[in-house]
Amino acid sequence: KSISSIALQPQEQREKELQTVLEFANDGIIGLSTEGAIRYINSAAAQLLRVDKNTIIGKNITSFIGANTLFDELLSGKSFDHQQMLIQTPRGTLHYLCSGRPIQDENEQFVGAVATLKSMKSAKQLVNSMMKNTKFEFKDIIYISSSMEELIKIAHRVAASSYSILIGGESGTGKEMFAQAIHCASPRRLHPFVPINCAALPEPLLESELFGYEDGAFSGARKGGKPGLFEAAHTGTLFLDEIGELPLLLQGKLLRVLQEGVFRRIGSHHDIGVDVRIVAATNRNLEQMVLAKQFRQDLYYRINVIPLQIPPLRQRPEDIPLLLRHFHVKYCTELNRHLDFSPAAVDSLLHYSWPGNVRELQHAVLRAIHLTSNKEIHVEDLLISHEADNSPLHANASQTNLKQVIDHTERFHLEKALKKHGSARGAAREIGLSHTAVLTKMRRYGLEHLLKDH
């Protein structure tokens, strides 16, 4: 062999190894010339585009995807990320998620481009995987009260921003549910949602969980070190529940991350940059804690950029029938029990002040369904006491009966279905009623204005 051929072998070997890596990538990868000619395509891309990879090399990308503004911009040197792309083919419309990057040489001259393709089905599976810590969206929050409606409108708007949010509310009002819904409605929804309860761990463990540690940082540290939750939440959302319980030392470290976007692992001398949105929650009065020097004032102002206060259940009693119906159906289904509440039991549930809020109501319904040996749930099965219950809800409650509970629930679900479909027939299909029954109930509840052709 000649000297020149021997010298080329390592380069050829590297190119072969690179092609092998690209060939086994899950995403479709396409390499383009400056004019849009296909220089390289892996098997995943050929399969997604439904073309023969052996005959496509050298042909222009537009001959397969048609005129496309995304690729026009890519071939002019502009990159794009995670853009939806539709391609019309004789077999139907193909739907992809596409990203593109221009390629520059050592002189920063544009010499080509690379694009990646992912089917929308795969993209949705990835989203579901990344959102495994989030179960709730705004549509999952059950309410009919005007106070909750206004709060959710505000939360929807602020979800689109990157500012810190402080969610206040008594225990059991659903603060983490709101935090998850905000994340799911935000531009960070494709990235991790990482929750931690600041009251659940002692200070040393909480610090290592938040910031991670290096190898040998302390006795019992994992070999090789461990990344913390800030690193796990990079580009996503870190939910700090019960932030009022955060020790003062850690408050200072958290403040540095919020101010500078950097932190250090325990035992390290090197800063790590991080892009994290903070959503915090508390059932305590942080303003009073600031005055008592139990909470840092500078940190309070940093996390309280957008405050959201969830009202307690006793201040929105109109939501109780809907929540009661939801938990009743949920737990009867899960436990395979066919039970109803007696009118007296319903009346007791509606007139109780619920100091533990939605969580207490949820547990009361679950407990009653699980433990009762009767065919009907009675007051004594509820294990709640109205003694010493002097709240405004209990003192001023009207004699709400079972029929009112059903009416509340029926109107809520009918209104929701009409808003979604804009037609009586669409709503009828969703809620399982006849078209005539839906028209009758629309007139009864004054919901005719929700028809799109009204």
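If we keep just the residues of region 224-263 that are within 22 Å of the chain's Cα centre (by Cα) and of a type in the set (Gly, Ala, Ser), which is farthest from CYS198 (Cα to Cα)?
In this case the residue turns out to be GLY236.
Looking for whichever is assigned by TED's automatic domain parsing to the domain that holds ARG302 and either modelled with pLDDT of 80 or more or at positive phi (or both) here; the options are ILE57, ILE142, ILE61, ILE103. Which one fits?
ILE142
Would you mention how many residues in region 1-45 are under 19 Å from ARG101 (Cα atoms), modelled with pLDDT of 85 or more and not in a loop (DSSP other than H, G, I, E, B)?
So the answer is 12.
Looking at (1) under 20 Å from LEU371 (Cβ atoms); (2) of a type in the set (A, V, I, L, M, F, W, C); (3) surrounded by fewer than 20 Cβ atoms within 10 Å (Cβ to Cβ), find the lone condition where PHE341 falls short.
If we test PHE341 against (1) under 20 Å from LEU371 (Cβ atoms); (2) of a type in the set (A, V, I, L, M, F, W, C); (3) surrounded by fewer than 20 Cβ atoms within 10 Å (Cβ to Cβ), just (3) comes out false.
Output the residues belonging to region 272-294 that are surrounded by 14 or more Cβ atoms within 10 Å (Cβ to Cβ) and in a helix (DSSP H, G or I).
Answer for region 272-294, where residues must be surrounded by 14 or more Cβ atoms within 10 Å (Cβ to Cβ) and in a helix (DSSP H, G or I): LEU286, MET289, VAL290.
Applying the selection to region 433-453, what residues are within 15 Å of ALA417 (Cβ to Cβ) and assigned to a loop (DSSP other than H, G, I, E, B)?
Hits for region 433-453 are LEU433, SER434, LEU447, LEU451, LYS452.
How many residues does region 112-135 contain that are of a type outside the set (S, T, N, Q), part of a loop (DSSP other than H, G, I, E, B) and either at pLDDT 95 or above or surrounded by 17 or more Cβ atoms within 10 Å (Cβ to Cβ) (or both)?
1
Here are some conditions: (1) among the aromatic types (Phe, Trp, Tyr); (2) closer than 30 Å to ILE320 by Cα; (3) surrounded by fewer than 20 Cβ atoms within 10 Å (Cβ to Cβ). TYR163 meets all but one. Which one does it not meet?
(2)
Restricting to region 171-193, name every residue that is in contact with a Phe, Trp or Tyr (Cβ under 7 Å, 6 or more places away or on another chain) and crowded, with 21+ Cβ neighbours inside 10 Å.
Correct list: ALA179, GLN180, ALA181, HIS183, PHE193.
Take ILE87 and decide whether it is without any contact (Cβ under 8 Å) to a residue 60 or more places away in the chain and among the β-branched types (Val, Ile, Thr).
Spelling it out, ILE87 is indeed without any contact (Cβ under 8 Å) to a residue 60 or more places away in the chain and among the β-branched types (Val, Ile, Thr).
Please identify the pairs in which a residue from region 352-377 that is within 20 Å of PRO312 (Cα to Cα) has its Cβ atom under 6 Å from the Cβ atom of a residue that is modelled with pLDDT of 95 or more and of a type in the set (Val, Ile, Thr), counting only partners at least 6 apart or on another chain.
ASN357/THR173
So which residues in region 295-348 are free of Cβ contacts under 8 Å to residues at least 12 places away in the same chain and either assigned by TED's automatic domain parsing to the domain that holds ALA281 or assigned to a helix (DSSP H, G or I) (or both)?
Within region 295-348, GLN297, TYR301, VAL329, LYS330, THR333, GLU334 meet the criteria.
Counting just the residues of region 43-85 that are among the aliphatic types (A, V, I, L, M), within 19 Å of MET120 (Cα to Cα) and touching a Gly at 6+ places or on another chain (Cβ under 8 Å), which one comes out surrounded by the most Cβ atoms within 10 Å (Cβ to Cβ)?
ALA45
Output the residues belonging to region 166-215 that are modelled with pLDDT of 95 or more, assigned to a loop (DSSP other than H, G, I, E, B) and charged (D, E, K, R).
GLU170
Is it the case that ILE384 is modelled with pLDDT of 90 or more and among the β-branched types (Val, Ile, Thr)?
no
To keep it simple, each residue is scored yes or no on (1) within 14 Å of LEU206 (Cα to Cα); (2) free of Cβ contacts under 8 Å to residues at least 12 places away in the same chain; (3) outside any helix (DSSP H, G or I); (4) in contact with a Pro (Cβ under 9 Å, 6 or more places away or on another chain).
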| position | (1), (2), (3), (4) |
| --- | --- |
| ALA217 | no, no, yes, no |
| LYS223 | no, yes, yes, no |
| GLU231 | no, no, no, no |
| LEU250 | yes, no, no, no |
| LYS253 | yes, no, no, no |
| ARG256 | no, yes, no, no |
| GLN259 | no, no, no, no |
| HIS270 | no, yes, yes, no |
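The values are calculated or read from the model by the stated rules, or taken from the named source; none is laboratory data. None of these values were measured; they are calculated from a predicted model. Virtual Cβ from ideal backbone geometry, glycine too; neighbours counted across all protein chains shown.
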